[in-house]
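The values are calculated or read from the model by the stated rules, or taken from the named source; none is laboratory data. The model shown is predicted, which means the values in this text are computed figures rather than measured ones. Note that we place each Cβ from the backbone using ideal geometry, even for glycine, and neighbour counts take in every protein chain shown. When the accessible area is computed, the model is the full protein with side chains, heavy atoms only, and any ligands, DNA or RNA have been set aside. Shrake-Rupley method; radii C 1.70, N 1.55, O 1.52, S 1.80 Å.
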Amino acid sequence: MAHEPRRLVTNTTPLITLSIACGHLDILQQLFDEVIVPQEVAAEITAGGLQRPGVAEFLASQSWLKPLTAPCAIAPYLLNTLDRGEASVIQTALDQHIPLVAIDEVVGRRVARLAGLGVTGSIGILLKARQRGLTGSIADSIARLRAHGIWLGAQVQTFALAEEAKFLR
């Protein structure tokens with residue numbers, strides 16, 4: 001049986017969060033065959049210049065990330081509900097028949113699910129990478145995020161630490 005390519009369309013926040021949590025984006029390359037970054041997302045992540053978190057890691061990953069160069073023709077219902085980055089992620093996934101998106105924001109995740117897409121986010125990716133031994137502890141990742149001013153909700157932290165504990169047993 002042929003291996004089904006594991007493809008992902010990602011939003012800005014997971015790229016920044018994973019860059020901070022891991023110091024690089026290589027776990028995406030190890031977990032997915034193709035990681036697509038809509039032009040709108042690439043523009044968002046690089047807008048602040050090299051001093052902004054995640055920009056250097058994003059640029060260093062250009063050899064294997066697949067940043068799209070053309071803007072996405074986004075359906076009005078997506079633009080009326082979401083920011084351009086989230087809307088372009090969902091539209092790209094729908095247009096290219098990619099079943100999985102990486103979005104952290106609650107409304108974006110909800111709209112993606114309503115559009116029939118599978119959803120993961122920064123914590124889901126970190127947990128998958130941790131389970132495969134590709135990254136350090138979730139607690140260490142959370143600490144690095146906090147040091148950069150990124151706070152996860154108490155429920156998300158509790159969930160992530162409990163999930164990590166399950167597969168470490």
Of those in region 151-169 that are under 23 Å from Val107 (Cβ atoms) and not aliphatic (A, V, I, L, M), the residue surrounded by the most Cβ atoms within 10 Å (Cβ to Cβ) is Gln157
Going through (1) open to solvent by 80 Å² or more (accessible area, probe 1.4 Å); (2) touching a Pro at 6+ places or on another chain (Cβ under 8 Å) one by one, Ser63 fails only at (2)
Does Leu50 meet the test of being part of a helix (DSSP H, G or I), more than 12 Å from the chain's Cα centre (by Cα) and exposed (fewer than 15 other Cβ atoms within 10 Å of the Cβ)?
no
Within region 132-150, restricting to residues that are in a loop (DSSP other than H, G, I, E, B) and of a type outside the set (Lys, Arg), the one that is surrounded by the most Cβ atoms within 10 Å (Cβ to Cβ) is Thr135
Selection from region 18-31 of residues touching a residue at least 40 places away in the same chain (Cβ under 8 Å), open to solvent by less than 10 Å² (accessible area, probe 1.4 Å) and in a helix (DSSP H, G or I) yields Leu18, Ala21, Ile27, Leu28, Leu31
Cβ pairs under 8 Å, 6+ apart or interchain, first in region 32-52 and under 20 Å from Ile90 (Cβ atoms), second polar (S, T, N, Q) and open to solvent by 40 Å² or more (accessible area, probe 1.4 Å), ordered by first then second residue, are Val35/Gln29; Ile36/Gln96; Gln39/Thr69
